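Taken together, the values in this text are just the output of simple stated rules run on the coordinates, not laboratory data. What you see is a predicted model, and the numbers here were worked out from it, not measured in a lab. Counting neighbours? That spans all protein chains shown, and the Cβs are built from the backbone with ideal geometry, glycine included.
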Amino acid sequence: MLAVFAEFETNIRKERQLEGIAKAKEEGAYTGRKPTAQAKRAEIAELLAQGMTKPKIAEALGISVASVYNVLKAA
């Protein structure tokens, strides 16, 4: 019986959360993190064409090596 009430409360809480998120999105306050590595796609391609290694590219641009690989994979 208590499990039913707990599930009901969880559903109500989830609905309130979704309403709050929707309201914040309307007000422009809920935008998420700004993309960093994708904005540097051209720089990554240029440095790679110059023969720089992926770890060196990551170090030079201040991003992770995984981000470099993800950008190249998406391109």
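Numerical summary
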| quantity | calculated |
| --- | --- |
| Formal net charge of residues neighbouring I57 (Cβ-Cβ distance under 13 Å; K, R +1; D, E -1) | +1 |
| The chain - percent relative contact order, Cα under 8 Å, separation 6 or more | 22 |
| Dipole in debye (nearest 20) - the chain, about Cα centre, beta carbon charges: Lys, Arg +1; Asp, Glu -1 | 260 |
| Nearby lysines by direct alpha-carbon distance to K25 (threshold 18 angstrom, same-chain neighbours under 8 apart not counted) | K14, K34 |
| Karplus 3J(HN,Hα) series, Hz, for region 20-33 with 6.51 cos²θ - 1.76 cosθ + 1.60 (x for Gly, Pro) | x, 5, 4, 5, 5, 5, 4, 7, x, 9, 10, 10, x, 7 |
| The chain: angle of helix 65-74 to the longest principal axis, Cα-based, in degrees nearest 10 | 90 |
| Ranked packing of 23-34, 40-51, most packed first, by mean Cβ within 10 Å | 40-51, 23-34 |
